[in-house]
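Have a look at the structure below, then the notes.
Read the figures in this text as sums done on the coordinates, not as results from a lab. Keep in mind that this is a model prediction, so the values were computed, not measured. Please note: Cβ atoms are built from the backbone with ideal geometry, for glycine as well, and neighbour counts cover all protein chains shown.
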Amino acid sequence: MAGPSLQLIILVFILEFLHFEMIKHGYCNQNLHSICKQNEKKALIAFKEDLVDPSGRLASWRGEDCCRWNGVSCDNRTGYVVKIKLRNPYPKSFSGDGLVYELGGEVSPSLLDLKYLNHLDLSRNNFDGAQIPGFIGSLSKLKYLNLSSASFGGRIPPNLGKLSELEYLDLGHYYSQTQTVENDLKWISSLSTLKYLNLGGVDLSRAAFHWLQTLNSLSVLSELLLFECQLVNLPTSLQSVNFTSLQVLDLSNNGFNSTIPEWLFNISSLKRLDLNSNNLYGELPDALANLTSLEELDLSENYGIGGRLPRKLGNLCNLQKLVLTDNNIDGDIMEFIDGLSGCSNNRLETLDLGYNKMTGNLPKSLGSLKNLQYLILWRNSFRGSIPETIGNLLSLRELYLSYNQMSGKIPVSLGQLVSLVVVDLIENSWEGVITESHFTNLSRLRELSIGKFVHDTFVVFNMSSDWMPTFKLVYIKILGCKLGPKFPTWFRNQTELKTIVLNLVMISDVIPDWFLDMGLELEELDVAHNQLRGKVPNSLRFTAVPVSNVDLSSNWFEGPLPLWSSNLSTLYLADNMFSGPIPSNIGMELPSLTDIDLSRNNLVGTIPLSIGNLTRLTTLDISNNRLSGNIPQFWENIPMLYILDMSNNSLSGTIPNSIGSLLYLKFLILSSNNFSGELPSSLRNCTQLYSLDIGDNQFSGQIPVWIGENLPSLLILRLRNNSFSGHIPSAICRLSLLHILDISKNNLFGFIPRCVGNLSGFQIEFTSDDAARYEGNLQLVAKGRLVQYSSILNLVNSIDLSNNALSGDIPSELASLSKLGTLNLSTNHLTGRIPPDFGKLEWLETLDLSKNQLSGPIPTNLASLTFLNHLNLSYNNLTGQIPTGNQFQTLTDPSIYMGNNALCGFPLSVECDVKISPFPGQNNVDIDDKNELEKVWLFSFVGLGFFTGFWAICGFLILKTQWRDAYFQFVDRMLARNSVYLQRKFSGWVAGKENSEHSDHRARN
């Protein structure tokens, strides 16, 4: 009886339980899937109506149940709206379908009717600079507020500080699109529950002196992001650190100008510290090792941080990411790597020390960093070879060792890195042979860069002709290695290549048909500086993302110029044997071109008018061909042109006025053609010109004054070998940066302007950093011959006014151009003397004053010019002795003085009558003038001494009777004594003479 009753009771209990669950389930479903609060529904509709929704993201906001609307969530129990999440799902304005998914418009205050709203996310939308609505501070239940990247502007409303339950606040990438508004931070101190705070991009300059103290009160804060906030004050000390729960601190991209602050080392909970892109300086402190929980440390782009890597930094065994790129850190890397390798469970995944000054060899202990995925050590001064232990880094994905001073053989163990995707070893001095063994297990390899752009090849690729690699490269860059002579056959299966750079790799072959048949869509093809030959087919294809580049220069390609797809951006075909005309439709077929270099070929015909369609063109170099005809009038259509080089052709006519519309033009090179006429005044609009080279043409008229007045950036002015006439305009002296001036071989007359001393560019030492401001080649007369300059133009300082009809004195002001290297004033009608101040031109290498009418002596202090190695003073009227000693001892060619009949001394055969010992370096006074002055002083002093002595004695004799009597008695005694002495000497002489005559007589007998 008890058994069935118990079973009955249990059955009833189960039925009641199931009934209760069904009722509860139905109640929940009623709240989830039926009616939301009507007042909240109205509030949401009003909110929607004030928004702009171009893509229809809020199309689901209709019907009775607002809890079903996209982006709206309700409480499961009460049915109240608790969450609005309208974050733009796409990181950019547009998705793949081309629709604009950003919401805009206004944020309606109807949200205040959502009494239980605790989550509001409007991020990644576009509210077009509207201010954050102040009423949001009244949404008292908010725990999550995300308005980041939503283009809100203006001042952040301080009443956000009323959100006492807020835990997450993200206003990152908050930019005002109307005006800069400085925001304070005092309102934030009341948000005591805040765990996440992102104010990145907010202008907090107004809070510069109290931001740290304010934020220090947020004791539960876990993540603090204050990047790009224009904070310039970073206190180095803090009395007490209260945010001890802080795990993430991002203070990057501010203007901090201090050392790394000490209070950071007391935040033991810190896992991620980002201080990149500030102005921090000083050495890395050992106290960084106190942050034992640190997983990520980024101190990159603080160029003042230097010194050595602290060895204790290697004790941070939890460190997963260390980024110290773009600093001045030096010293050996070995101790740091050894320290990291001492961790029993090393977790380092990223090590980025690029762009520093670190030295030493990579230690063997590098192979113990088993979790390393990214090793970035490029642009340092590391030496030695890659350690064999690198083969132990089986997790390594990217290896960057480029631009160091490393050498030796590439270890075969590199081929064991099964995870390797990128290898960049470019610009080191590697050597040895690379075989298939180096790529044994690199099946994931996508990018390979190796070699150095030098002609001395030390790395040889030795692959068997039937080797097919397991990897599929996207990017390959090989420089200065021996890859040829045949085109590499192992490219046959590289069907995913986008970038091919095989520059200076000793390939002497035609491009094989199998390569052309692979159907590659390339972003870059660079096979320059080889011996590739044959015709280039038009079947190559190029993509447009991001740009497409072709460089076939310095080969033996021939035939007509190829035309490829319309996506091509740069086209370098220089220094080949292409012939025929430039295709007339080049501007239509390749409308995206930005750079064209067709120089040093055999092209004929005229310049195609279709080039005027290349509206993006920045560089056009068609020099050193056989082009003819006039320059077309299409330059208004190419407003961004930066370089225009048409030199060394057979072009004729005048320069069109439309070239003056090229406001960004830096280099205008039209030399060695048959251009004529005057320079168009419209060129004065090209105010950014660095180089104006129109030499070796038939231009006429006067040198325009506007060159000096309107072209202040001019570095090179070359008007050589034209028919310019008139005076040298003094406005040329305003070109303060000029350091190559060549106006030789014209019909200029008059004086050399004395204001040439204002050309301060000849007083500046230009460095390799200035080389970017130079393009093309330039012919100048230096050391008595025509010299072609290209890569070292920034080091040349030259003035050439030769072969004109200039007259008058040589301005002594030229001596103030202290960095002048070449001065050529030959073949003019200059008179007067060589300025003695020329001895100050310490950098002078070439001085040519020949074929003038100069007179006077050669200044002796010219012998102190230690760089002077070419001197020509011939055919003048110079006089006196040629200076000797120092640099003049090396100038042994007598022809440099011929035509000066009054010169004497070495190396001429004419000796000087009176030797004058020069004193190089003495005061700048002519030696003859100085000798005449010395003679005048000498005779004056002698005369004065005689006069004084004579009257001093005679005056006393006249005035003193006793002195006069004593004097004459003394004279009488001296005369009597000398008379006896002379008689004796005369008698002895007579007797000696007689004896000598008797002796001679006996000798003859």
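Tabulated data
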{"item": "P(r) tail fraction, the stretch 133-286 - alpha-carbon pairs more than 29 Å apart, %", "result": "14 percent"}
{"item": "R0 of 22 Å, Cβ-Cβ distance residue 755-residue 723: FRET efficiency to nearest 0.05", "result": "0.30"}
{"item": "Residue-span extension gain [residue 486 to residue 65] - 0.36 nm each, minus C-alpha spacing", "result": "144.3 nm"}
{"item": "Kirkwood-based Rg to Rh ratio, the stretch 211-324, C-alpha trace", "result": "0.92"}
{"item": "Radius of gyration and Dmax over the Cα atoms of the stretch 797-839, both given in Å", "result": "10.3, 26"}
{"item": "Label-to-label distance, nm, for residues given as residue 465 and residue 263 (7 Å Cα→Cβ offset)", "result": "7.4 nm"}
{"item": "Rg/Rh (Cα only; Kirkwood hydrodynamic radius) as it applies to the stretch 303-448", "result": "0.95"}
{"item": "Nonlocal amide H pairs with residue 153, under 5 Å, H built at 1.01 Å", "result": "129, 130, 131, 132"}
{"item": "Estimated FRET transfer efficiency when R0 is 51 angstrom, pair residue 910-residue 640 (beta carbons, to 0.05)", "result": "0.20"}
{"item": "Exceeding the 29 Å Cα-Cα cut-off - candidates 195/357; 186/271; 357/452", "result": "195/357"}
{"item": "Directionally averaged shadow of the stretch 572-728, computed from the convex hull of its alpha-carbon atoms, nm²", "result": "8.1 nm²"}
{"item": "Additional length obtainable on full extension of the chain from residue 901 to residue 345, 0.36 nm per residue less Cα span", "result": "191.2 nm"}
{"item": "Candidate aspartates and glutamates for bridging to residue 115, where Cα separation is under 15 Å - those fewer than 8 sequence places away on the same chain excluded", "result": "40, 75, 165"}
{"item": "Residue-by-residue Karplus 3J(HN,Hα) for the stretch 117-126, coefficients 6.51, -1.76, 1.60, Hz, glycine and proline x", "result": "5, 10, 9, 10, 10, 10, 5, 6, 10, 9"}
{"item": "Residues in the stretch 141-176 that a label on residue 128 would reach, taking backbone N under 15 Å of a point 7 Å out along Cα→Cβ", "result": "151-153"}
{"item": "Contact order relative to length of the stretch 277-332, as percent, for alpha carbon pairs under 8 angstrom and 6 or more apart", "result": "43 percent"}
{"item": "For the stretch 666-706, convex hull volume per residue from C-alpha positions, Å³", "result": "66 Å³"}
{"item": "Value of D in µm² per second that Stokes-Einstein yields for the stretch 635-739, Kirkwood Rh from Cα pairs, at 10 °C (1.306 mPa s)", "result": "116 µm²/s"}
{"item": "Estimated FRET transfer efficiency (residue 652, residue 371; beta-carbon r; R0 51 Å; 0.05)", "result": "0.15"}
{"item": "Residue 303 versus residue 588: modelled label distance in nm, points set 7 Å from Cα along the beta carbon direction", "result": "5.0 nm"}
{"item": "Exposure proxy ranking, count of Cβ atoms within 10 Å, fewest first, for 577, 358, 463", "result": "577, 463, 358"}
{"item": "Which of 81, 505, 454, 510 has the fewest Cβ neighbours within 10 Å, and the rest in rising order", "result": "454, 510, 505, 81"}
{"item": "Formal net charge of residues neighbouring residue 462 (Cβ-Cβ distance under 12 Å; K, R +1; D, E -1)", "result": "0"}
{"item": "Potential extension, residue 45-residue 407 segment - 0.36 nm per residue separation minus Cα distance", "result": "123.3 nm"}
{"item": "Protection proxy ranking, peptides 63-70, 568-575, average beta carbon neighbours within 10 Å, highest first", "result": "568-575, 63-70"}
